[in-house]
Each structure stands twice: as structure tokens, then as C-alpha cells.
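Input: a single structure, listed below in C-alpha cells.
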Amino acid sequence: MVLTTEQASESLGEVAAAQRKARKMQGYSNAAPHFFLWGMVWIAGYALMELLPGKGGLVWLVLDVIGITGSFLLGRRQEKTEGGPRRIAAFFIIVAALAAFILATLVVMQPQDGVQVAAFFPLLAALVYTAVGAFAGVRWMVIGIALAALTMVGFLLLREHFMLWMALVGGSALILTGVWMRRV
């Protein structure tokens with residue numbers, strides 16, 4: 001059987017589409033453990049902020065170190081197939097850039113209470129997830145939009161119990177996203 005140029009071109013297009021879909025699904029699968037980890041970090045962090053008012057800085061310092069270390073270790077398991085040392089360097093550059101941006105934003109904006117600071121971080125995460133979704137797939141966008149909406153609901157309507165709201169709803173949203181990302 002001889003293929004025409006048109007048939008060959010169509011077949012190559014189907015192969016390319018299948019490769020794009022496989023990369024997207026692999027990306028979702030790789031992201032799932034990070035969503036599980038950060039969902040647990042969020043639950044612990046926001047719950048501890050509710051239980052220990054005024055200790056949020058210390059709580060998040062410890063939990064962020066745990067989360068970043070966990071993300072690094074999870075990423076190392078993927079490095080052999082997806083970029084190796086370059087990927088690790090990119091991870092640290094992104095963490096450093098985010099830390100500098102967050103610090104500068106808090107200095108410039110000077111939030112008046114802990115609830116404002118506590119709402120800033122999930123809104124920043126929502127922005128990052130939505131932006132990543134423009135390149136990596138719609139599931140990232142869905143969690144970004146959902147996280148922003150849930151954060152605003154808690155900030156505007158449940159301000160007195162915002163920390164508990166974010167522990168339950170924000171952390172659970174990340175864990176459920178991990179489940180959804182794993183289902184490829």
C-alpha cells in the first residue's frame with residue numbers, strides 16, 4: 001500500500017498531536033504530587049494560624065521550608081527524564097524570584113493585618129497556576145480560577161475565620177487538584 005503525500009502528512013499530524021497530548025498528560029502527572037504536598041502544607045499552615053494567632057510568620061517559615069524541600073525532592077525524581085541540572089537551577093531561580101517579589105510587594109503594600117497577607121499568597125498562587133495553564137493545560141487554569149474565587153469568598157464573607165476557611169477549602173482544593181492531575 002502506497003501512502004499519498006496527503007495521507008502521510010495527516011498521519012504525521014496525528015502523531016504530533018498525540019505527542020503533545022502525552023506531554024501534557026505527563027506534566028499533569030508530574031504536578032500531582034506537588035499539589036498533594038502543598039495542599040497538606042496549606043491545611044497545616046492555615047489551621048495553625050487559626051490556632052496560634054500572631055505566629056503566622058514562624059509557622060509559614062517552617063512549613064515553606066518543608067514544602068520547598070519536598071518540591072525539590074519530588075522534582076529530583078523527575079530530573080533524569082526532564083532536564084536534569086538545568087531544571088534544578090530553574091527551580092531555585094523561580095523560588096528566589098518569587099521570594100524577592102513577595103518581600104518587595106509586602107514592603108511596598110504594607111498590609112494592615114494578617115488576613116490581608118494570608119489572602120495575598122493564595123491569590124499569587126492562583127495567578128501562577130492560571131498563567132502556567134496558558135502553556136501547560138486547562139487543568140492548571142481551573143485550579144487557578146477556583147483558588148482565586150475561593151480565596152475572595154473567604155476574604156470578603158468569612159474574614160473572621162479566613163484562616164480556617166483557607167485550611168479547609170484552599171488545602172482541599174490543592175489536594176483534589178492533585179487527584180485530578182493524577183487521573184491522566
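Where a number appears in this text, it was derived from the coordinates with a stated rule and is not lab data. Every value quoted in this text rests on a predicted model; they were computed, and no experiment measured them. Note: ideal-geometry Cβ built from the backbone for every residue, glycine included; neighbour counts use all protein chains shown.
Descriptive notes on the structure:
- Contour excess over end-to-end distance, with Cα ends at Ala17 and Arg77 and 0.36 nm allotted per residue: 18.9 nm
- Helical segments meeting 20 Å axial Cα length and Kyte-Doolittle 0.0 threshold in the chain (DSSP H): 56-78, 84-109, 114-136, 138-157
- The simple spin-label model puts a point 7 Å past each Cα toward its Cβ; for Ala96 and Ala131 those points are separated by 1.8 nm.
- Additional length obtainable on full extension of the chain from Leu3 to Val107, 0.36 nm per residue less Cα span: 31.0 nm
- For the peptides 106-114, 144-152, 48-56, residues were scored by their other Cβ atoms within 10 Å and the scores averaged per peptide; the highest-first order is 144-152, 48-56, 106-114.
- Packing-based order for 27-39, 62-74, 89-101, 166-178, using average beta carbon neighbours within 10 Å, highest first: 166-178, 27-39, 62-74, 89-101
- Segment Leu61-Gln116, extension gain: residue separation times 0.36 nm, minus the distance between their alpha carbons: 18.1 nm
- Cα gyration tensor, the range 1-74 - rounded (a/c under 1.5), prolate or oblate: prolate
- Mean-position separation - Cα centroids, the range 1-75 and the range 81-160, in angstrom: 14
- Our helix-only sum for the chain, with -39,500 (n - 2.57) per DSSP H run of n ≥ 4 divided by its residues, gives a mean residue ellipticity at 222 nm of -29500 deg cm²/dmol.
- Mean Cα-pair separation over length for the range 39-184, i.e. relative contact order, pairs under 8 Å, 6 or more apart, %: 34
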